[in-house]
Amino acid sequence: MTNIDILINKINGKYFKSFILKRDSISSEEDLRVAFSSLIDIISHENKVTILEEHHEYTVLKGRIDSLYGEVIVEYKEPNYLDSSNSSQKNVKAIEQVKRHIVGIENRQKIDINRYLGVIFDGFRIIFIRRRSNLWDIENPVEVNEKSFKLLLQRLFSIGIQGKALIIDNLIKDFSIISEDTINDVKTLLINFIKNDEGKVNLLFEQWKILFREVCGYDFDTKKIEIKELAKTFRLENETDDLPRIIFAIQTYYALFIKLLGAETLTYFRHRDKSFISSLNESNLKHKITSLESGEIFRSEGVNNFNEGDFFSWYLLCWNNEIENTVLKISTKLKNYDFSSLNLEPKEAKDLIKNIYHYLLPQKLRHSLGEYYTPDWLAEFLVEKLKINFSKNIRVLDPTCGSGTFLSILIEKIKGNDDILEKNKLSACLGSIVGIDLNPLAVISAKTNYLIALSEYLKDIKEGGIDIPIYLSDSLLAPLEFKTKHKTYYSLPTKVGIFKIPVSLIQNKQLDILLNLVIACVDVELSFDNFESKYKNLALNLSGADDELIREFYETLLDLQKKGLNGIWGKIIKNIFAPAFFENFDYIVGNPPWINWQNLPEDYRDSIKKYWEDYKVFLHKGLKARLGSAHDDISVLLTYVVMDKYLRESGFLGFVLPQNLLQSSGGGDGFRRFQIKDEVQVKAVAVDDFVSVQPFADIGASNKPATIILQKNNKTSYPVPYRRWYKKGKGTIPSDQPLSAVLPLLKSEDLVAEPIRDKTPGSSWFISDSKKIKSLKALVGHSNYRARKGVDFSLNGLYWGKISKSKIKGNILFENQADIGRKKLKFYQVPLEENMVFPILRGKDMGRWEAKPEYIAIIPYDNNGKCIQTDELKNKFPNTYKFFYKTEEEITRWLETRGIYQKHLKYANVPVHGLYDIGEYTFSKYKVVWKALASGMIASVVNSIDHELLGNKLVIPDHNVLMVPLDTAQEANYLCGVLNSEIVNDFVVAYISWFYSSHILEHINIPNFDANNKEHLKISELSKMAHKKGELTNSEQADLNSLVVKILGNN
């Protein structure tokens, strides 16, 4: 079959000119249809190609299609009918017509409409329309020129495309966990890895583990992941329960796949008629794959730095028939794909690799590892928001680039920029768009995506080749500098030893020159004496002490080479130091990792502790004491470090960040200072809040993101523009869709943001409309009421349950609710002492003015909030003691492995059965409580309830309920009335985004209850009445609102 891609590239100019000559004589829609369809016939006849299933005036439900070429619907319009914007009525009408045609043809042919492409063509402009994941993707009109005409012909003639289209749906079937081959291939790699006795393989694995822990905040030794699902998926139950080895095998499979994909993309678009994978066979397989893994195949095609610092080529050292068959199977399946489809459907091609990786790991494991890539449309939104003008020689950095989502979108911006000449677009992309990532797998992925995005320009690579500007490095952590009496060097600890690099090499920008020589000489095992003469020819003019460091460095690498342990270390060092040579960027864009401080490996925490202090992102006292248990996010620190290190003066940063940084305490306080150290001001330019949209929901994450734009060396002025986005309907937004398909599903509200306390650096933000915010700020003050969290059990399924009557006096029969918590537990029915159980109040058990506990909880504490010690429990409450310690050993193990026990209780000498966030206040007679997870203030008063088995029993709030302990019902009703008023609700909603924590009372000026104050008493009475009736009438609520406004205004 004719290669359509080669054909269209060859003939396009000829037929484009022919069409343009005819166009001036075309005056009607019918004339255009006849002229264009005749041209298609001529192309088919002269070049001996066929378009399958050609129909004209094809009738479908509610209309007639002008021309149908296989799965391409063409709707003609009279010349110059279409406008340059799809917002015009003419374009809207034409687009709706094609949408009806696509739906109509599905009804007639019973074929999935996601396969159809719609084209609106008036001879001067083209609009492409496609249905993707049941969303309409409508491209902006493009002028008919040689490039757009070529794309139109390619799409029409590709109906008979040879091989599978390189799109995610096809790749998932062949290379994800739904494929039997994939499961067997991963298992083969794992078994051979476990059996290997090569020292280098184990060193590569150990170094990979270090980086992997730093990338995802995962510690293999302390953080437990449910491994059963993973072992079952890959049928590894009898092979190993070693999670890091399994993940390493999975990533090896994925790395091989994407390197093959990268090599095929490069060679196909360089030569069209020959490619890397087509050359593979059984006799040359190992030789060819070795050239793939060494990077030689890429260098021979002009890409100099594709494989650098790769840990996944270990299988070459274990090569046998099993591995050979696995590699051959993967490459054979890829042979069936037609890579020309990368150009035909660039939106389908964009970030293919990200989607494949999602389908290669079970969802539960991805959740545990926190591996969430940025939704395509959200990345595109942020890039659009930055308004980057690449016509002005702009440079952009993604410092945590992952698989390259932002980089691919930025490349498309340059490709679509008509101010940049086509012949300059390759160099423009390479000079403008740069990425860094600490994850070796992400770097290979991003480089492959970079090649895919540039596929149409790869033929333009000139002699000397190109370097893909993506580097394996840590944007946050620079190598540490050490000084001795005579030497100054950077120290890089690795699993094979510590490498020392002279500081002067970095300062003089000579490191690359030296490393290129070192790598070349070590590869051929040149002695140091022979290396030294070449080194001196470089004339680097270093000191004698530096020369000594270089000798030590070279001899270390040479020794590793002779032992068969080298291959990557020189390249890793080259990448690590690459950012040191960057010139500052005009823009920084990306989605930095959201990892809590305490989830980072301890050695990595120690290595970056100095940065937390230098950049002053925390404003709390006793900083060093806090660090070990802080819930502060590393994205805060990274934001300020990369602005400091890489962003030019007045440059812009756009990040996807946790929205609560704008309103929460902790790391949010330092973030909102908007200062780099104490030296450089930072301006908050604009915020777009996507919390309600839940952009990550379709990939299983509940992240609450906002896009934030900051400008370096400019001062924040308030109010800051703040836009909150919502979904128009229900359901999730597909993460792999373009912005044009998603925006019609969203609506937005324009708000503003201001600090609650103008004179407090890092104050939480009020977010409200511009009219309301002034009146809310008038209420700012201090309250003497202190809120507390409810009790944290961290094992609800064991402590919570239902009770029934016991024959033993003073006891009840307790049956735990094993299925209500995150952890899978067993069901038990045991006798317990009545004194050890209480009604437990969850957020879902309460509403405004009401609280009805569903469950009973075991709370082995006295009325002073002290945990009953084990010996006392055994003596006074033997049944409760037996349940925790004598029923099954498994129960004690569950108790000991709880997070609250390991982090808090263990070091406070609290028994294993103890609870957290509990004290004397928990047992106060009256409590004002509210839901932590709600869309507004929902408060109620609780005290004791009459239970049919327990009698009069105090209600205890759980950890998702906040409470204020009080002594009298009158004061409790007063405070509850204040909290349930409209003005307080507006105040709290304006500075708490979604978690109504204990901080809500810190800023509002609520006066202490005064039994002699008529307004206070009236508020208390209205609250008491509301609790009795379950609600207030509109008139009563209005009275309450007026009273609260009055007391807050007078305070």
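The values are calculated or read from the model by the stated rules, or taken from the named source; none is laboratory data. From a predicted model like this one, the values you see are computed outputs, not experimental measurements. Quick reminder, even Gly has a Cβ in these numbers, built from the backbone with ideal geometry, and neighbours come from all protein chains shown.
For this structure, a couple of remarks:
- Every pair of residues 6+ apart whose Cβ atoms lie under 6 Å, when the first sits in segment 14-33 and is at negative phi while the second is surrounded by fewer than 16 Cβ atoms within 10 Å (Cβ to Cβ): Phe16/Glu146; Ser28/Glu78; Glu29/Glu78
- Meets criteria (at pLDDT below 90, within 22 Å of Ile394 (Cβ to Cβ) and small (Gly, Ala, Ser)) for Ser475: yes
- Listed by position, the strands (runs of 3 or more DSSP E) contained in segment 31-101 that have at least 2 residues being modelled with pLDDT under 80 and either touching a Pro at 6+ places or on another chain (Cβ under 7 Å) or surrounded by fewer than 19 Cβ atoms within 10 Å (Cβ to Cβ) (or both) are 54-60, 63-69.
- Filter result for Lys425 (of a type in the set (Lys, Arg) and either assigned to a strand (DSSP E or B) or under 20 Å from Pro592 (Cα atoms) (or both)): no
- So Pro744, is it closer than 24 Å to Glu139 by Cβ and in a loop (DSSP other than H, G, I, E, B): no
Conditions tested, residue by residue: (1) closer than 18 Å to Ile436 by Cβ; (2) among the hydrophobic types (A, V, I, L, M, F, W, C); (3) surrounded by 15 or more Cβ atoms within 10 Å (Cβ to Cβ).
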{"position": "Leu540", "(1), (2), (3)": "no, yes, yes"}
{"position": "Arg551", "(1), (2), (3)": "no, no, no"}
{"position": "Leu557", "(1), (2), (3)": "no, yes, yes"}
{"position": "Lys574", "(1), (2), (3)": "yes, no, yes"}
{"position": "Leu600", "(1), (2), (3)": "no, yes, yes"}
{"position": "Lys609", "(1), (2), (3)": "no, no, no"}
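- Residue in segment 677-700 that is modelled with the lowest pLDDT, counting only those that are over 27 Å from Gly762 (Cβ atoms), of a type outside the set (D, E, K, R) and surrounded by fewer than 20 Cβ atoms within 10 Å (Cβ to Cβ): Gly700
- Any hit, segment 628-638, residues being closer than 24 Å to Glu749 by Cβ and at pLDDT below 95: no
- Considered as a group, the residues in segment 636-660 that are part of a helix (DSSP H, G or I) and touching a strand residue (DSSP E or B) at 6+ places or on another chain (Cβ under 7 Å) include one that is surrounded by the fewest Cβ atoms within 10 Å (Cβ to Cβ), and that residue is Asp644.
- Residue under evaluation Gly797, criteria (1) crowded, with 17+ Cβ neighbours inside 10 Å; (2) assigned by TED's automatic domain parsing to the domain that holds Ile858; (3) assigned to a strand (DSSP E or B), criterion not met: (3)
- Qualifying residue in segment 318-337 (condition: modelled with pLDDT under 90, surrounded by 20 or more Cβ atoms within 10 Å (Cβ to Cβ) and either farther than 30 Å from Leu230 by Cβ or among the polar types (S, T, N, Q) (or both)): no
- If you go through segment 133-143 and keep only what is surrounded by fewer than 17 Cβ atoms within 10 Å (Cβ to Cβ), of a type outside the set (Ser, Thr, Tyr) and at pLDDT below 80, you end up with just Asn134.
- In segment 825-844, the residues that are in a helix (DSSP H, G or I), surrounded by fewer than 20 Cβ atoms within 10 Å (Cβ to Cβ) and out of contact with any Gly (no Cβ under 6 Å at 6 or more places or on another chain): Asn835, Lys844
- Only residues that are touching a Phe, Trp or Tyr at 6+ places or on another chain (Cβ under 9 Å), of a type outside the set (S, T, N, Q) and in contact (Cβ under 8 Å) with a residue 24 or more places away in the chain were counted in segment 294-340, giving 18.
- Some residue of segment 719-737 being in a helix (DSSP H, G or I), under 18 Å from the mean Cα position of the chain (by Cα), outside the structural domain of Ile353 (by TED's automatic domain parsing) and farther than 21 Å from Trp765 by Cα: no
- Per-region count, segment 390-399, residues in contact with a Gly (Cβ under 9 Å, 6 or more places away or on another chain) and either over 17 Å from Leu647 (Cα atoms) or buried (at least 24 other Cβ atoms within 10 Å of the Cβ) (or both): 3
- Conditions (1) touching a helix residue (DSSP H, G or I) at 6+ places or on another chain (Cβ under 6 Å); (2) surrounded by fewer than 20 Cβ atoms within 10 Å (Cβ to Cβ); (3) in contact (Cβ under 8 Å) with a residue 40 or more places away in the chain; (4) more than 23 Å from Leu438 (Cβ to Cβ): number failed by Lys563: (1)
- For Tyr218, the criteria (1) touching a Gly at 6+ places or on another chain (Cβ under 8 Å); (2) aromatic (Phe, Trp, Tyr); (3) modelled with pLDDT of 85 or more hold in every case but one, which is (3).
- Any hit, segment 899-906, residues being more than 38 Å from the chain's Cα centre (by Cα), surrounded by fewer than 17 Cβ atoms within 10 Å (Cβ to Cβ) and either acidic (Asp, Glu) or over 26 Å from Gly977 (Cα atoms) (or both): no
- Within segment 250-266, the set of residues being under 15 Å from Leu352 (Cα atoms) and among the β-branched types (Val, Ile, Thr) comprises Ile258, Thr265.
- Each residue in segment 488-515 was checked for being under 20 Å from Lys562 (Cα atoms), at pLDDT below 85 and either exposed (fewer than 13 other Cβ atoms within 10 Å of the Cβ) or out of contact with any strand residue (DSSP E or B) (no Cβ under 8 Å at 6 or more places or on another chain) (or both), and 5 pass.
- Applying a threshold of 6 Å to beta carbon distances and a minimum spacing of six or more residues, or different chains, the list of pairs starting in segment 841-859 at a residue that is over 18 Å from Cys976 (Cα atoms) and aromatic (Phe, Trp, Tyr) and ending at one that is buried (at least 20 other Cβ atoms within 10 Å of the Cβ) and modelled with pLDDT of 95 or more reads Tyr855/Trp800; Tyr855/Ile840.
- Between Ile159, Ile113, the distinction of being at pLDDT below 85 and touching a Lys or Arg at 6+ places or on another chain (Cβ under 7 Å) belongs to Ile113 only.
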